[in-house]
Amino acid sequence: MTSRAKPSIAVTLDPDLVEYVRSRLGDDDVKSLSAYVNEALAARVREERRRRAILQAHLARSRQAADHARVDRMMAHVKRQLTEASDVTEGTP
């Protein structure tokens, strides 16, 4: 973890979660409620960063594999259809 001074904040927790952690205080892996919450939050942040990195890698591969000419043709076709549909709608009384 970090060696900087940790800010103190107030949080509201579900009573059953607090009770669970308090029941584990003194176990080798649970030093304090604060430490438990800090470790849980750190784990959540690591998981979110891991998932974001995976998503970014998938997006990068998708962009590389994309057939841009085909996408352009499809978009042009959709635009033509929208234009034709709006022309028909505007001409309808």
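The values are calculated or read from the model by the stated rules, or taken from the named source; none is laboratory data. For clarity, every value in this text was computed on a predicted model and none was experimentally measured. Ideal geometry is used to build each Cβ from the backbone, glycine not excepted, and the neighbour counts take in all protein chains shown.
Looking only at the stretch 38-88, which residues are outside any helix (DSSP H, G or I) and hydrophobic (A, V, I, L, M, F, W, C)? Step through it out loud before you land on a result.
Applying the first criterion (outside any helix (DSSP H, G or I)) to the stretch 38-88 yields 66-67.
Selection gives 66 alone.
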Check on residue 12, loosely packed, with under 12 Cβ neighbours inside 10 Å, at pLDDT 95 or above, out of contact with any helix residue (DSSP H, G or I) (no Cβ under 8 Å at 6 or more places or on another chain) and not in a helix (DSSP H, G or I): yes
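Just to be sure, is residue 21 within 24 Å of the chain's Cα centre (by Cα) and either assigned to a helix (DSSP H, G or I) or not aromatic (Phe, Trp, Tyr) (or both)?
Values: within 24 Å of the chain's Cα centre (by Cα): no; either assigned to a helix (DSSP H, G or I) or not aromatic (Phe, Trp, Tyr) (or both): yes.
Taking the combined requirement at face value, the residue does not satisfy it.
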